[in-house]
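Q: Pasting a structure below so you can have a look.
The values are calculated or read from the model by the stated rules, or taken from the named source; none is laboratory data. All of these numbers come straight from a predicted model, not from anything done at the bench. Here the Cβ is made from the backbone with ideal geometry for all residues, glycine too, and neighbour counts use every protein chain on show. Calculation scope for accessible area: heavy atoms of the full protein, side chains included, ligands and nucleic acids excluded. Shrake-Rupley method; radii C 1.70, N 1.55, O 1.52, S 1.80 Å.
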Amino acid sequence: MKDEEAAEDIRLEAALRAALERKNPPLGFAQRVEMRIAGQQRQQVRPRGWGWLRIETQFALAAVLLLAFVLPVSWRLHHQAEVARGEAAKQQVMLALRITGTQLRSIQQRTQAIHIGGEGETQ
Amino acid sequence: MVFSIALRIAGDRGAAEEIAQDVFMELHGTLEKLESAEHVKYWLRKVASHRSIDWLRRSRGAAEVAMDAADLEQLGELAAQCEPGDPLLNRQLQKLVASLPPVQRSVLVLRYQEDLSPDEIATAMEMPVATVKSHLQRTLKLLRGKAERMFG
């Protein structure tokens, strides 16, 4: 019985070896693998960062970034400078007014003194 | 070798090509770590088997082949009448192999297609040699049993 089983196993193994013979890959298989490898290599050599984007896209992105971030900041700085300039001008006007006021008062006091002195002499 | 392993295990030509391409892509990235042509062969067999089993498990049902009573009857008749290598017997045996669970199927493919020893299969499949031998014996017994049933 054991011998029969062993003989049948040998026969079955031979049949399995024949049935499971290697099959060749379909035509063009190697070329397709080469193409995929080449594609992968192209992807790997793409520069890091934003370099892989087309130049037009890079310009468009730069413009959007400029509009979105740089211009508002620049406008705000410009506005702040204007306000500061306005404030300085106002201070200068106020100072000029103060000086003018002081001078006017001084002139008025001198005029009054001369006037009072003149009246005394007449009497 | 790689395509054939994938085809026998996955049982689908399209999937086999996809698996084989993936294996070669992986090889391209791993080639520096492999030391010799033998090592490359071993690596290819191992990765092809594992990727095919993974694919089979993912798409279980789609690639599963069921042997019906008519198939078994025909296999029994063919096994009795035909010599090993007969196209009809081959077809039925391939169908029978395709009806086995993924790991058993892989062990059988590595043993009879790639002519690996149980030790080599154990290394490639990352399992004990005793398990490989047990899988082979069980598979042969199953095949013998299926054939015997037909002889009555």
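Q: Along Cα→Cβ, 7 Å out, is where each label goes; now give me the distance between the ones at A:ILE107 and B:ARG144 in nm to one decimal.
A: Computed distance between label sites A:ILE107 and B:ARG144 equals 13.4 nm.
Q: How high is the FRET efficiency between A:GLU4 and B:ARG13 when r is their beta carbon distance and R₀ equals 30 Å, given to the nearest 0.05?
A: 0.20
Q: Next question, about the same structure. Based on the mean of other beta carbon atoms within 10 Å per residue, what is the order of B:49-59, B:25-35, A:7-17, most packed first?
A: Going by the mean number of other Cβ atoms within 10 Å, highest first, we get B:49-59, A:7-17, B:25-35.
Q: Still on this structure, please answer the following. State, in square angstrom and to the nearest 100, the accessible area buried between chains A and B, both chains counted, probe radius 1.4 Å.
A: 3000
Q: Compute the projected area of the convex hull of the Cα atoms of region B:1-64, averaged over all viewing directions, and report it in nm² to one decimal place.
A: Projected over every direction and averaged, the Cα hull of region B:1-64 covers 3.9 nm².
Q: Can I ask one more? Hey, rough spin-label estimate for A:ALA88 and B:GLU32, points 7 angstrom out along Cα→Cβ, what's it come to in nanometres?
A: Those two pseudo-labels are separated by 6.1 nm.
Q: Could you please report the charge total around B:ALA20, scoring K, R as +1 and D, E as -1 over all other residues with beta-carbon less than 15 angstrom from its beta-carbon?
A: In short, +2.
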